[in-house]
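Inspection log for the structure reproduced underneath, given as structure tokens.
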Amino acid sequence: MDALAGRRILELADATGAYCGKLLADLGAEVIRIEPPGGDATRRLPPVREEGAADLASWFFVAMNGNKRSLALDLARGDDRRRFAALAADADAIVETWRPGALDAAGLGFEALRAGHPRLVMTSITPFGQTGPWREAPGSDLVAAALGGALHVTGEADDPPVRLAGRQAGVTASLAAAAGTLIALRQADRTGRGQRVDVSLLEAVVSATHICGIGKWRDDGIVPRRNGTGLFASVPSGAYPCRDGLVYLMVNRPRHWQVLAAWIHEVTGIESVRDPLFEGPSSRRIPYRDLVDTYVSELTTRLTVEEVYHEGQRRHLAFTPVRSADAVVRDAHLAARGFFVPAAQADGTTVIVAGPPYRLAATPWRLERAAPRVDEGAGVIAPRSARGRVDVGGALAAASVPGGQAQGGDGVGAVAGDPAPAARVPAVTAGPLAGVRVLELTVAMAGPWVGRFMAACGAEVVRVESRRHLDVVRLYVPPRAPGRGVDPTGSPWFTDWNAGKRFVALDLEKPEAVALARRLAARSDVVVENNSAGVVDKLGLGWEDLRAVKPDLVMLGTSGYGDRGPQRSYVTWGPNIEALSGLATLSGFAERPCTITQYAYPDVVSALHGLVAVLAALAHRDRTGAGQYVNVAQLEATIAAIGDVVAAVATTGRTPERSGNRAAHAAPHGCYRCRGDDRWCAIAVESEEAWRRFCAAVGRVEWGDDARFADAAARVANVEALDALVDGWTRTRDADDVMETLRAAGVAAGVVRTIAEVAADPQLAARGFFETVGHLTRGEVVATGVPLGLTDPPARTGVAGQGIGRDNEYVFGEILGMSAEEIAAACARGAIEAAD
């Protein structure tokens, strides 16, 4: 049985939210696309396929809409609105991307629909959210990336800011929306009360770029910007030349530098590379970046890509190839995992698509239905009340109780019969994940971010650490006071990844400590680990070990390559995955062979995919009582995020040219230079109406009559001439003036913002996105908010700055029931490490 079997989701979404619906459909929910007669615009969104039916022309559409149904309704007509309302009356959730207020104007807004269906969840994905001064402002994927700070830190310093391939603001927002939807559905099962999930593209991007975000900026006062392929906080890092291509390297731990320096000396004979000056945390090497890069290049230029890759990995160094997209689809490791799959389309064609971004052992990903033809569900799709609604909550009593809550079991599940009026549903006072306990065996970001979000939603998260193997964020040296040395609680990234958790210290090299960790797992609902594949198994804390003590456990394991395949033991960091997945070679400008973000984007998408998968596995456990193992290969999750682009490459064998900020479906679409140093404004004109408004706003109505720009296809074909004209208008103007002029005319535009500007953003301030939280050693700090969109209650970040082992007494005493004497004895034997 699928993880979300029995759930029905109505989708009223354009390209911005299509991936949210796909995630839910692939997990087993019945997702019904509601689109106008003739189909919505995403069916024709360029680039298009060379064969197949017109309503399945778009690569984006066929890649993002498998496992969905289609129902054509004209919501301007009363009878179709009533039909939609009838479907909504017994749906579990609606995912929509309409302009704020538009559904309300049609009589189909959240308040109207929940009046008779208080359990309904409505998830809205919009450029700026449902509230705030910019709620109705036009937006786009490119504009969100500009305003959210992503563009300013991506690409080469001498180039214009540049976006990533695909629609990554929409992907990130869709992942947040899918997670928010699953959390809201879980809460509705328990309380009888649904909610509006309000996801903002802007907030999703700001959250994704938090490594370059407000915490770092407030701590060091430095505004990060584009830095090529090297990372501002990691030396060495970057793309390095080999005899036959490029490899990517990132060194983040003192021991890894020692190993690398020894290899460089071994191959090149350079003695100075072993100078103790370079040893220690990465901050010690930052002043010598150019020299260190020279040392690395002296090594790599003597070898082939494959030689550096495999020998480096043998030495446990994070070297990976910088792969083209066509090399990715031929990759032996992905082939061994069966990642790319043929998808027979409804028009008789076959497309090769990306497979599962996560693997749930008991409820595996399946592509059971091709992307739908327009209205293929006509005559089949009906309100479930007419054919019997499936109970998604487990064994429940048949009767409802006051407040709309279900009786029986643990109170999980759907209410039988008619829902209670919304006024009778009590307000929620605890976080929606209250009662869930998570045990973390994690490092860095990709694992901890899952726990951070769950903690912000009310889960109790217990993180296991050890002084034997300090996490990279515990090695932080305060940039304003380097003389103080390492500050293990002061890192802004420690706050963004670990606020709100409890911390214990166990030396897992001791059997007694492993036994204690197993006891904690037996009292947990979820275990999250993101060590190199096989590490927890060697410790005796792998899936088979833990399921033996907790049969209904949900366990997430995430690593660069996944838990099986020939490269399963290879080590990576987020930027390595950008290089390995094809994202780095599909993104950027034609003359740049590798484009890397400064914010480790694959860590973001793999963590969010992991969160979605854990929530789906919990939903399956709620219904069946069965736990399961979930594995996320960060490589696969990142490829899934560019699934539409990769599907075209895998099917045709042709890799698209890098196009910078230009788009196949729209022009003008780019970052245009404005007055001042490194000042830019992103502009996205994605419809004919927007083009007419643009021409009027810039005072060039004659452009609208120019045959070269007659429609979107003509403008794309003549983009060089058009961009020159637009650049001539923007470059003498202030970037904010350009944005405000175009926004007032209804055209999507956004300043390419620095983090200092993002921190002062009025929309984010009005929505309270940045959170001031208590910090145990710094008093208060500002944390990047949680982008999941929950509103009843919203997610909130907990206290930060905890030392190693701070919660030993509570966790071992209260959760495990150990006496003070037993804890002290375990400390004396070194199994439990003393708290800081």
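Quick note on region 112-180: its Rg to Rh ratio, both from C-alpha atoms and Rh being the Kirkwood radius, is 1.12. Label separation (D736 vs D290): 3.6 nm, computed from points 7 Å beyond Cα along the C-beta direction.
Its Kirkwood hydrodynamic radius, worked out from the mean inverse distance over all distinct Cα pairs, puts region 267-380 at 19.2 Å. For the modelled label position 7 Å from the Cα of E51 along Cα-to-Cβ, which residues of region 338-358 have backbone nitrogen atoms closer than 14 Å? In region 338-358, the label zone of E51 (backbone N under 14 Å from the point 7 Å along Cα→Cβ) covers 343-352.
Region 807-823 and region 736-765 have Cα centres lying 51 Å from one another.
Our Cα-only numbers for region 167-229 put the radius of gyration and Dmax at 16.2, 51 Å. Across all Cα pairs in the chain, the calculated P(r) in 10 Å bins from zero up to the longest distance comes to 2, 13, 23, 27, 20, 10, 3, 0, 0 percent per bin. In this simple spin-label model, placing a label point 7 Å from the Cα along the Cα-to-Cβ direction at both A112 and A828 gives a separation of 7.2 nm. Partner lysines whose Cα lies under 18 Å from the Cα of K538, excluding those fewer than 8 positions away in the same chain, are identified as K510. Fully extending the segment from A515 to A696 would add 58.1 nm, taking 0.36 nm per residue of separation and subtracting the current Cα-Cα distance.
Computed from the alpha carbon positions, the gyration tensor of region 161-275 leads to an equivalent ellipsoid with semi-axes of 42, 17, 16 Å, biggest first.
FRET efficiency for the V223 to E298 pair, using the beta carbon distance and R₀ = 45 Å, is estimated at 0.85.
What is the calculated FRET efficiency for A522 to A336, with r their C-beta to C-beta distance and R₀ = 41 Å, to the nearest 0.05? Given R0 = 41 Å and the Cβ-Cβ separation, E is 0.75. Distances over 23 Å make up what percent of all Cα-Cα pairs in region 422-524? The calculated P(r) of region 422-524 puts 38 percent of pairs beyond 23 Å.
For the chain, the 222 nm mean residue ellipticity estimated from helices alone, with every DSSP H stretch of n ≥ 4 adding -39500 (n - 2.57) and the total spread over all residues, rounds to -9500 deg cm²/dmol.
For region 738-836, the alpha carbon convex hull comes to 163 Å³ per residue, rounded to a whole number.
For the chain, the Cβ-based charge dipole about the Cα centre amounts to some 1020 debye (Lys, Arg positive; Asp, Glu negative; other atoms uncharged). Span-like helix check, the chain: qualifying full DSSP H segments, with Cα axial length of 27 Å or more and mean Kyte-Doolittle of 0.0 or more, are 168-191, 601-624.
Per residue, the accessible area of region 583-678 comes to 25 Å², computed with a 1.4 Å probe over protein heavy atoms only. Taking the 1.4 Å solvent-accessible surface of region 95-172 as the whole, the part contributed by carbon and sulfur is 51%.
Between region 697-724 and region 27-68, the alpha-carbon centres lie 28 Å apart. Centre-to-centre, using Cα atoms only, region 304-374 and region 584-612 are separated by 16 Å. Among K68/K550; K501/K550; K68/K501, which pairs are too far apart, with a Cα-Cα distance over 26 Å? Check vs 26 Å cut-off fails for K68/K550; K68/K501.
The values are calculated or read from the model by the stated rules, or taken from the named source; none is laboratory data. Only a predicted model underlies this, so the values are computations on that prediction, with no experimental measurement involved. In this analysis, Cβ positions are derived from the backbone assuming ideal geometry, glycine residues included, and neighbour counts consider all displayed protein chains. Accessible surface is based on the protein model in full, side chains and every heavy atom, while ligands, DNA and RNA are left aside. Shrake-Rupley method; radii C 1.70, N 1.55, O 1.52, S 1.80 Å.
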